[in-house]
Structure formats: structure tokens, C-alpha cells
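The values are calculated or read from the model by the stated rules, or taken from the named source; none is laboratory data. Everything numeric in this text was worked out from a predicted model, so none of it was measured. Glycine gets a Cβ as well: all are built from the backbone with ideal geometry, and neighbour counts include every protein chain shown. Accessible surface is based on the protein model in full, side chains and every heavy atom, while ligands, DNA and RNA are left aside. Shrake-Rupley method; radii C 1.70, N 1.55, O 1.52, S 1.80 Å.
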Amino acid sequence: MTELGKRLREAREEKQISLDELQEMTKIQKRYLIGIEEGNYAIMPGNFYVRAFIRQYAEAVGLDPDELFEQYKQDIPQSYQDDMPQPLSRVKTRQQLSAEGAKWLDWLPKLIAAAVVIGAAVLVWVLLQRGTASEPPARTSPETAEVESPKNSPLEQAKEKQRAKETDEKAKEENEQPAAGEEKPASPTAALSVTTKQGNTATIEVKHDGSFAIELASKGTSWIEVYNTKGHSFYRGNLTKGQTKTFDLSAESEVWVKIGRTLDVDMKVNGKPFTYPFAPKDEVYQKLHFILKK
């Protein structure tokens, strides 16, 4: 085992993360995770993957990958162009282009800008020619001229529509507001208190009025598990960026919620923001055991 592999394994064990859980969090095969801990890079697909897998492993256990690469650079193989995945290695860089192609690329933005300027000038000239060539409208006598009423002009019609829209919206808001003496229904309440904390696991006692719901909103990608102690799983999988999951747990007495990256997941209890028992920057992976009491 290398010094790097030893440090990664110690960080994983300190956070009480098994290799199976780490495989679910990183989507890296378990045999590659073992290879990283043992320093057996020969089983990897290439040097590029070695560095990529080490970076994902480090981030999952809360270590700085750049710091590890600098400290243990003698233990980590360097990544070269030949080791990159096939789709990336086929991409031609600017240096690989011929001298003539690079020259055309340099001139392309200038040519586009010149074409836009010329096109705008031609359009202005055409509009001016049309304006000067058109004949002035024939005058009509006051008796025969049809004078458009200001009230029927397009501008007045648009203003009238806007006023009608604002009136409808105001009436809708007034209808939605409770009548005098009538109170809006109160949102479900829940009193939370952390009873025990050990490692990255916390037990939270919840006293609620018969309604208990949890909302998880992801800002990145995180592994999520929500299940009760009776063997029923409400959700198990990755929560991707922008995705939100809501769970009605009012009928449960005990619930477990496991979050792989608390830095990327905002949590609400009965519609109110929930503060994690551990600071996400200190404990990225957290296991929350809720004990529910009505």
C-alpha cells in the first residue's frame, strides 16, 4: 500500500464509508477503488483514469485532490495525451491545424464583422431610398377625411388591454386573500432536536402535529437514500442538479436519510430550511436518523 492509498483509506474509514457505499457515490468500480488504496494502478484502463479516479475518491471523502497530487506526485503516474479517452484524443487542437487553416481562422471573425457592417449599411440605404421615392399622401378635405379617434388608435387599445389585465390580477389577489377575521391555514410545524452525534451519524428527535415531510433539492449531483426501519425504501439513487424530491413521512415512526454530498443538497422539513447537524464542509457525507413523535 502506498502512502497515498493509506491516507485515502484512513479518510474513508474515519467517515464510516464502506467500499460499496463509495462505489455508489463515485460510480467507480469497487476493484478500481481497492486498486487505488493498494497502489495497484496496473489494473486501471490508463494513466488518465488513474488521476481521474483518485480525484473523485478524494472529493468523496472530503480531501483536497490538488493537494494530494502535489504531495504524492511521485506515487501518481503522469497523464499524457495517449492516455486520454478516445473521443478526447481525436479532438484537434489549434496547434495541429495547418498554417493555412490557422490563418483563415484568424481572419474569420474580421470577415464576419465586415459582412455585418456592409449589410447594415445596405439596409439603411434601401430604407432611405424608399422614403424619398414615396409620394406624399393626398390631402383630403375635412368633410371627407376619416379622422381616427384617439380612443381607437393601436396605442390606446394596447393601454386598455394592459389596464384590464391589471384589474383582473388585482381582483384575483383580493379573492385569494382571506376575509376580515379569517386567518390563513398554518403550515405544518415540527420541532427538531439533535439527541446524539457520532462520526458522520446524527439522531434527530422530531415532534410534529401529524404532518412530516422532507424536501431535497440538488445543486449538483449527490447520492441519496431515504428509507424506514421496516425495510421500505422511499428513494435510492443519484439526485442530479436542479432535481427536487419531496417525501411525505407523516405515517412513519423512524426514518433514515443518507446524503452523499451535503454541499450540493438543500434540505427542508415541513417547508422550512433544515440545518445539517454537521457542517457540510467538515462532513460531506451525513447519515440522519429521524425519530418521529406526534
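Considering the stretch 13-28 alone, what residues qualify as being open to solvent by 20 Å² or more (accessible area, probe 1.4 Å) and part of a helix (DSSP H, G or I)?
Matches in the stretch 13-28: GLU13, GLU14, LEU19, ASP20, GLU21, GLN23, GLU24, MET25.
All but one of (1) more than 20 Å from LYS15 (Cα to Cα); (2) of a type in the set (Lys, Arg); (3) in contact (Cβ under 8 Å) with a residue 24 or more places away in the chain hold for ARG261; state the number of the condition that does not hold.
It is condition (1) that ARG261 fails.
I'm told TYR276 meets every condition in (1) open to solvent by 70 Å² or more (accessible area, probe 1.4 Å); (2) at pLDDT 95 or above except one. Can you identify the failing condition by its number?
(1)
Step by step: first the residues of the stretch 163-207, then only those that are acidic (Asp, Glu) and open to solvent by 80 Å² or more (accessible area, probe 1.4 Å), then the one that is modelled with the highest pLDDT. Which residue is that?
GLU166
Show the residue pairs meeting these rules: Cβ distance below 9 Å; 6+ apart or different chains; first residue within the stretch 47-75 and on the phi > 0 side of the Ramachandran plot and of a type in the set (Gly, Ala, Ser); second residue open to solvent by less than 70 Å² (accessible area, probe 1.4 Å) and part of a loop (DSSP other than H, G, I, E, B).
Final answer for the pair search is GLY62/LYS15; GLY62/GLU283; GLY62/VAL284; GLY62/TYR285.
Looking at the stretch 234-271, which of its residues are of a type in the set (A, V, I, L, M) and open to solvent by 70 Å² or more (accessible area, probe 1.4 Å)?
Listed by number, the residues that qualify are ALA251, LEU263.
Is the stretch 229-241 home to any residue that is at pLDDT 90 or above, assigned to a strand (DSSP E or B) and closer than 16 Å to LYS294 by Cβ?
For the stretch 229-241, residues at pLDDT 90 or above, assigned to a strand (DSSP E or B) and closer than 16 Å to LYS294 by Cβ: absent.
For the stretch 29-41, what are the residues that are open to solvent by less than 70 Å² (accessible area, probe 1.4 Å) and without any contact (Cβ under 8 Å) to a residue 24 or more places away in the chain?
Within the stretch 29-41, TYR32, ILE34, GLY35, ASN40 meet the criteria.
Taking the conditions exactly as written (in contact with a strand residue (DSSP E or B) (Cβ under 8 Å, 6 or more places away or on another chain) and surrounded by 14 or more Cβ atoms within 10 Å (Cβ to Cβ)), does MET44 satisfy them or not?
no
So is VAL284 under 19 Å from SER18 (Cβ atoms), buried (at least 16 other Cβ atoms within 10 Å of the Cβ) and at pLDDT below 95 or not?
The answer is yes for VAL284.
Within the stretch 220-237, can you find the residues that are in contact (Cβ under 8 Å) with a residue 12 or more places away in the chain and more than 15 Å from ASP20 (Cα to Cα)?
Selection gives GLY220, THR221, SER222, VAL226, TYR227, ASN228, THR229, PHE234, TYR235.
Taking the stretch 209-238, which residues are closer than 19 Å to ALA60 by Cα and of a type in the set (Ser, Thr, Tyr)?
SER218, THR221, SER222
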